[in-house]
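Working notes, structure below.
The values are calculated or read from the model by the stated rules, or taken from the named source; none is laboratory data. None of these values were measured; they are calculated from a predicted model. Please note: Cβ atoms are built from the backbone with ideal geometry, for glycine as well, and neighbour counts cover all protein chains shown. Each accessible area value is taken on the protein alone, full model and side chains, heavy atoms only, with ligands, DNA and RNA left out. Shrake-Rupley method; radii C 1.70, N 1.55, O 1.52, S 1.80 Å.
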Amino acid sequence: MNPDQFPAKGPDEETAVVRAEKLVGGGRALAHHDGETWMVAGALPGEVVSARATRRRAGIVEAATVEVTGSSHADRDPDPCPHSDRCGGCDWPHIRPEAAPRLKALAAADAARGQPVVAGLLADAPVTTSPLAYRLRARLHWDPVKQTLGFFEVRSQTVTSIPACRILSPDLMAALPSMIESLSRRCPQPVDLEWLQGSTTGDAVAGLRAAKGGPPRIESSWIPDRNELDGNVSGFHSLDRVGEIRGGWGATAVKFDLPIPLTVPLGSFFQGNRHLIGALFNRVAELAGDDWKPMYDLHAGVGFLAAAALSAGSRAAFLVEPHRVAARAAAMNLPTASVAVGRTAEQVVASAANLPEDALVITDPPRTGLTRSLRRDLAAWRPHRILMLGCDPATWARDAGFLLDSGYRIRSVEFFDLFPSTHHVEILAVLERT
């Protein structure tokens, strides 16, 4: 075992030797000790580990692995990231990359165990995998006292440096030293740095936005100058709390070379894996099919999933997006679509009259999943097909189970491993009305 992959134990912290039973939702291993349930980060099924309690809540002990005291799991990485003992950028650095997709599918099925039909389908679902160095979008944190730009440490607001990183893109890693040097001279306050890059080298933009505990406004003097940066940065800006650009220089958006090209502004949400964007786009297009049925994208963002559906065949398209920056981009990317700018899916579906049943509905909600009201209104609407993309297996299974009980069946389901070296995984499925 490599002891450097585990966090050091403090002098007054509770530790226990536990046996990891299985991986559960959230990527931790389930264990029991002295009648208590432990959720242990960094442990794999069957391993006996020394675990340090980090938090107690709702009768659960959250813990971190200090040391594997017995035999290691066959899928444990013998050479994990050297920064994994403190960096919070990944929570599965201890798992061999080639083994992680299978373990994610098992953990997702366990998270869905309250919906047995859904859980069974997830356990056998295929996984589209990704290489590392995948992140085209990232938010880093600047500590002016330590002059450090990086991720937070695990469950901490302490910034740790990332002199090397297995998940960030080579372009970001190349630009990092000069951004640190410029911020060291210019920025005396804690801020967050947002990075976004497009399909081609040299198409990257960055911005500073207010950090928790920092000043609410970004001063123009804190923005690195163009001639201070190495690497491929074509624009650098200040952002307000809702992602609107308030100042800076250069490009404000990046482009993605897809069957329907997309422009993505800095400050907007976009899928974060540069290796799998094309594969996900093409798969959504395949699932959407080339029929004429109208399409409603209820969580549209800049129009990625809607563009994929439109690339498969011409159809009427209606998009809903509450974030105005993203919604304006969606309207520009898909000029033939109707875009409800600044409105939520709940507002649009609840207030619409005579929504067609012969429709394709696309959902890609945040980690909390569909709201109760949207689940109810979708079931009442009864669209012919619902294409569901979800980033949390537990909430996705809850939503899918509700729709199954409302007269739908799952026609296809699969995983996209958009976040290697973490427990996160995307579920893509099509539900049809029976």
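Once the chain from Arg367 to Val145 is taken as fully extended at 0.36 nm per residue, the excess over their C-alpha distance is 76.6 nm. Ignoring any ligand, DNA or RNA, what whole percent of the accessible area of the range 343-403 comes from carbon and sulfur when the probe is 1.4 angstrom? Of the solvent-accessible surface of the range 343-403, carbon and sulfur hold 53 percent. If you sort Cys90, Cys187 by accessible surface, 1.4 Å probe, largest first, the order is Cys90, Cys187.
The accessible area of Trp249, taken with all protein chains in place and a 1.4 Å probe, comes to roughly 40 Å².
Between the labelled values (1) 25, 51, 20, 4, 0; (2) 27, 58, 15, 0; (3) 24, 54, 22, 0, the entry that holds P(r) over Cα pairs in 20 Å bins from 0, in percent as derived from this structure is (3). Farthest towards the positive end of the charge dipole of the chain, among the residues Ala58, Leu374, Asn354, is the Cα of Asn354, using unit charges on the Cβ of Lys, Arg, Asp and Glu. A straight chain from Trp292 to Asp79 at 0.36 nm per residue would run longer than the Cα-Cα distance by 71.5 nm. Largest to smallest in accessible area, the residues Phe419, Phe402 fall in the order Phe402, Phe419 (1.4 Å probe, all protein chains included). Computed extension gain for Trp249 through Ser178, at 0.36 nm per residue and net of the alpha carbon distance, reaches 23.9 nm. In debye to the nearest 20, how big a dipole does the range 15-158 give about its Cα centre with +1 on each Lys and Arg Cβ and -1 on each Asp and Glu Cβ? For this selection, approximately 460 debye. In the complete set of protein chains, residue-level accessible area for Arg375 is approximately 30 Å², probe 1.4 angstrom.
Roughly how many nanometres apart are two label points built 7 Å out from the Cα toward the Cβ at Ser199 and Glu357? Once both label points are built, they end up 4.0 nm from each other. Backbone N atoms of the range 333-360 closer than 18 Å to the 7 Å Cα→Cβ label point of Ala380 belong to residues 344-358.
Taking the DSSP beta bridges with both ends in the range 173-331, the antiparallel portion is around 65 percent.
For the range 213-293, applying the loop criterion from DSSP together with a ceiling of 16 other beta carbons within 10 Å to the trypsin sites (Lys or Arg not before Pro) yields Arg217, Arg241. For the chain, the residue among Pro45, Phe269, Pro322 whose Cα projects farthest onto the positive side of the dipole built from Cβ charges is Pro322. For the chain, the dipole from Cβ point charges (+1 on Lys and Arg, -1 on Asp and Glu) about the Cα centre works out to 840 debye, to the nearest 20. Taking 7 Å steps out from each Cα toward its Cβ at Ser221 and His32 produces label points 6.2 nm apart.
Between the range 47-94 and the range 368-434, the alpha-carbon centres lie 31 Å apart. Asp230 contributes about 100 Å² of solvent-accessible surface, heavy atoms of the protein only, 1.4 Å probe. Please say if the range 86-144 is rounded, prolate or oblate, where rounded means a/c under 1.5 for a ≥ b ≥ c the square roots of the C-alpha gyration tensor eigenvalues, and otherwise the choice is prolate for a/b larger than b/c and oblate otherwise? Prolate, because a/c is 1.5 or more and a/b exceeds b/c.
Of the residues Lys146, Lys22, Lys293, Lys104, ranked by 1.4 Å probe accessible area with the largest first, the sequence reads Lys146, Lys22, Lys293, Lys104.
Take every Cα pair under 8 Å whose residues are at least 6 apart in sequence, average their separation, divide by the length of the range 35-78, and the relative contact order is 42 percent. Can you work out the Karplus-derived ³J(HN,Hα) for every residue in the range 167-175? Use 6.51 cos²θ - 1.76 cosθ + 1.60 with θ = phi - 60°, whole Hz, and x for glycine or proline. Karplus-based 3J(HN,Hα) across the range 167-175 equals 10, 6, 5, x, 5, 5, 4, 5, 7 Hz. A helix-only calculation puts the chain at -7000 deg cm²/dmol for mean residue ellipticity at 222 nm, using -39500 (n - 2.57) for each DSSP H run of at least four residues, averaged over all residues.
When a 1.4 Å probe is rolled over the protein heavy atoms, the share of accessible surface on the range 178-229 that falls to carbon and sulfur comes to 44 percent. Within the chain, DSSP assigns beta bridges of which about 70% are antiparallel (rounded to the nearest 5).
Of the GluC sites (Glu not before Pro) found in the range 50-111, those that fall in a DSSP loop while having at most 12 other beta-carbon atoms within 10 Å are Glu98.
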